[in-house]
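Below you'll find the structure, written out as C-alpha cells, and then a few comments.
The values are calculated or read from the model by the stated rules, or taken from the named source; none is laboratory data. Fair warning: this is a prediction, and the values are worked out from it, not measured in the lab. Virtual Cβ from ideal backbone geometry, glycine too; neighbours counted across all protein chains shown.
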Amino acid sequence: MRVIVIGGGVAGATSAVALRRIGAEVTVYEAYADPAGQVGSFLSLAANGLRGLGALGCLEMVQRAGFNVPRQRMWAETGRLLGDTARGRLAEDSLMSVTLMRGRLVEALRAQAVHAGAQLVTGQRLVDAVTEGTTVRAEFDSGLTTEADLLVGADGIWSATRRILDPKAPEPRYAGLYSASGVAHDVDVEPGVFNIVFGRNGAFIYLATPDRAVWWAAQVASPRQPDLASIELDLIKRLYQHEQMPATVLAATTEWHRPTLMHVLAGVPVWRTDRTVLVGDSGHPVGAGQGASMAIEDAIVLARALQEADVRGALAVYEQKRRARIAKMVKSASANRDAKTAGPIARRARNLIMPAAMKLFYERGTSWLYTHDVTADWQHTGHNTPTQT
C-alpha cells in the first residue's frame, strides 16, 4: 500500500513510523524547505503517549532527547500548594512523564521514520487532493503531483487537508490566551517537578532541567487578541510581579522565545473520505498537554485498522475508535483553559476546593486518560506485515 503523509511534525512523523511497521510505502511531504531546528517551546509526553512510542520502537530515543519529570505541583497565586501528584501518569505506573523541546521530539521521530524506510520530501505545500477510484492524487504548489492508495493529513491546526476534505470545516479561533516562554538560570528549583502557578493573569509553568536551567512558559489570559510584536519580557514580568516564584524565575531569565497565540478549533465534522483521513491537530487539537500523545495514539489506531481491513473500512474503524476519546479529551482541555483564565471569585473558590479534590478524586478522574493502552493488541512483529488496498 502506498501512503502520502502531509506534514512532518509529531503526527506526520509518528504516522510514518506506524505505517512503515505494517509494510506501507510511505512518503512524507513537509511544507517547509528546512524542517530542522527548534520550533516551539517544551512539551510533555504522558504515560499513554509513551506506551505508544514503546510499541513503535521510539521510546528510548525520545527519553534520551528529554528527561523524566515524575511529579506535578499546582500552586495558587498566593503561593499556597493546591496539589502534588504524579505527573502524566497514575502513581502505580512505571512510565514517568518525559519533558523535552518540541523540536527535539520532531527530530527524533523524523529520524526514526527515515530509518524505518519512509521518504521525507520538503518544500512541498499541499493545494489539492482528488480521489479517483481506489487512488488519491495529491497536488502541491510546486506543480508536483503524486498518487497513492491513502493520504494522511497530519498538517496541524491550520491544515490544508482539512479544508480540502470539507471547505465548510471550522477554522481555528483565538482561545483568549497567548504563550510566552524562555529559560532562566541561577534559580533554586527542585528537579523532577513540573510546577504550575495559577496566577492572576494566567498560568505560569516552570521546571528545572538536568543541567539546572529552568524552563518556563506563561499562558497569559488576554480576551483581546494581542499584537505579538508588542509582547516583550518586561511585559510578562509586570503581569507576574505579584506571584513570588514566577517573578523570581522571570528576573533570572537569560533566553526569550517568540510568543505565540493559542487557538482552539470547534468540532470537525469530516475526518475522512474513502482515501483521505485526518490525524492529530488537523482533525482535533486538544491542548492540555496531550496534543502529542493524542497524535501518537491516532497513528497507532490508524495503522492497526489498516492491518485488518481495506482502506475505506479501516478509515471508518479509525474514526469510530477515536471520536469518543477525543471528545472527552477536548472537554477536559476546555476545563483546563477555564482554570487558567479564572477571575478573582473563581480563583478563591478553586483555592478552597482544589486541595481536597486533588486528594480525593484526581486519580479516579484521570485514570481514563493515563491508563489507556492504545497498543493492547498491536502486533509486535519483527517484520513488516503486508497491508491491503
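Out of all the residues in the stretch 161-200, which are assigned to a strand (DSSP E or B) and among the polar types (S, T, N, Q)?
Going residue by residue through the stretch 161-200, those that are assigned to a strand (DSSP E or B) are 173-184, 191, 193-199.
Across the stretch 161-200, the qualifying residues are Ser179, Ser181, Asn195.
Look at (1) within 20 Å of Gly202 (Cα to Cα); (2) modelled with pLDDT of 85 or more and you find that Arg337 fails only one, number (2). Applying the condition of being touching a residue at least 60 places away in the same chain (Cβ under 8 Å) and part of a loop (DSSP other than H, G, I, E, B) to the stretch 207-235 and asking which residue is surrounded by the fewest Cβ atoms within 10 Å (Cβ to Cβ) yields Pro210.
Taking the options Ala113, Ala129, Ala86, name whichever one is out of contact with any Leu (no Cβ under 9 Å at 6 or more places or on another chain) and among the aliphatic types (A, V, I, L, M). Checking each option against the conditions leaves just Ala86.
To keep it simple, each residue is scored yes or no on (1) under 18 Å from the mean Cα position of the chain (by Cα); (2) surrounded by fewer than 18 Cβ atoms within 10 Å (Cβ to Cβ); (3) more than 30 Å from Arg348 (Cα to Cα).
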site: Arg64; (1), (2), (3): no, yes, yes
site: Arg73; (1), (2), (3): no, yes, no
site: Leu81; (1), (2), (3): no, yes, no
site: Ala86; (1), (2), (3): no, no, no
site: Glu92; (1), (2), (3): no, yes, yes
site: Thr99; (1), (2), (3): yes, no, yes
site: Leu109; (1), (2), (3): yes, no, yes
site: Ala118; (1), (2), (3): no, no, yes
site: Arg125; (1), (2), (3): no, yes, yes
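Considering the conditions (1) surrounded by fewer than 19 Cβ atoms within 10 Å (Cβ to Cβ); (2) within 18 Å of the chain's Cα centre (by Cα); (3) part of a loop (DSSP other than H, G, I, E, B); (4) touching a residue at least 60 places away in the same chain (Cβ under 8 Å), Trp158 is excluded by exactly one of them, (4). Beta carbons closer than 6 Å, at least 6 apart along the sequence or on distinct chains, pair a first residue in the stretch 352-377 that is more than 20 Å from Met96 (Cβ to Cβ) with a second that is among the hydrophobic types (A, V, I, L, M, F, W, C) for Met354/Leu82; Pro355/Leu82. Contact list please: Cβ distance under 9 Å, first residue in the stretch 276-290 and more than 9 Å from Ala333 (Cβ to Cβ), second residue aromatic (Phe, Trp, Tyr) and in a helix (DSSP H, G or I), pairs at least six apart or on different chains. As it stands, the answer is Val277/Tyr318; Val279/Tyr318, since those pairs meet every condition given. Condition check: crowded, with 17+ Cβ neighbours inside 10 Å, touching a strand residue (DSSP E or B) at 6+ places or on another chain (Cβ under 7 Å) and hydrophobic (A, V, I, L, M, F, W, C). Does Leu315 satisfy that? Yes: the conditions hold for Leu315. Of all residues being of a type outside the set (A, V, I, L, M) and part of a helix (DSSP H, G or I) in the stretch 337-349, which is nearest to the chain's Cα centre (by Cα)? Just the residue, please. Here the residue is Arg337. Is it true that some residue in the stretch 324-336 is under 27 Å from Asp149 (Cβ atoms) and outside any helix (DSSP H, G or I)? No.
Would you point out which residue out of Leu369, Leu352, Leu360 is buried (at least 17 other Cβ atoms within 10 Å of the Cβ) and assigned to a helix (DSSP H, G or I)? Outline the logic, then answer.
Numbers: Leu352 fails: buried (at least 17 other Cβ atoms within 10 Å of the Cβ); Leu360 fails: buried (at least 17 other Cβ atoms within 10 Å of the Cβ).
Result of the check over Leu369, Leu352, Leu360: Leu369.
Only residues that are at negative phi, touching an Asp or Glu at 6+ places or on another chain (Cβ under 9 Å) and not acidic (Asp, Glu): list them for the stretch 274-289, please. Full working, then the answer.
Pass one, the stretch 274-289, residues at negative phi: 274-279, 281-286.
Of the ones still in play, those that are also touching an Asp or Glu at 6+ places or on another chain (Cβ under 9 Å) are 275, 277-279, 281-284.
Listed by number, the residues that qualify are Arg275, Val277, Leu278, Val279, Ser282, Gly283, His284.
A Cβ distance below 7 Å, combined with a sequence gap of six or more or placement on separate chains, defines the contacts here; from the stretch 292-319, residues that are among the basic types (Lys, Arg) reach no residue that is part of a helix (DSSP H, G or I).
Close Cβ contacts (under 6 Å, 6 or more residues apart or on different chains) running from residues in the stretch 140-153 that are more than 12 Å from Asp128 (Cβ to Cβ) to residues that are among the hydroxyl-bearing types (Ser, Thr, Tyr) comprise Glu147/Thr135; Asp149/Thr389; Val152/Ser15; Gly153/Ser159; Gly153/Thr161; Gly153/Ser282.
Go through the stretch 113-139 and give me each residue that's free of Cβ contacts under 8 Å to residues at least 60 places away in the same chain and farther than 25 Å from Arg312 by Cβ. Selection gives Val114, His115. Of the residues making up the stretch 297-325, those that are touching a helix residue (DSSP H, G or I) at 6+ places or on another chain (Cβ under 7 Å) and among the β-branched types (Val, Ile, Thr) are Ile300, Val301, Val317. Taken across the stretch 257-264, residues that are modelled with pLDDT under 95 and among the charged types (D, E, K, R) do occur, with at least one present.
Within the set Val136, Val114, Val106, the sole residue that is part of a strand (DSSP E or B) and among the aliphatic types (A, V, I, L, M) turns out to be Val136.
Checked against (1) in contact with a helix residue (DSSP H, G or I) (Cβ under 9 Å, 6 or more places away or on another chain); (2) touching a residue at least 60 places away in the same chain (Cβ under 8 Å); (3) assigned to a loop (DSSP other than H, G, I, E, B), Trp75 passes all but condition (3).
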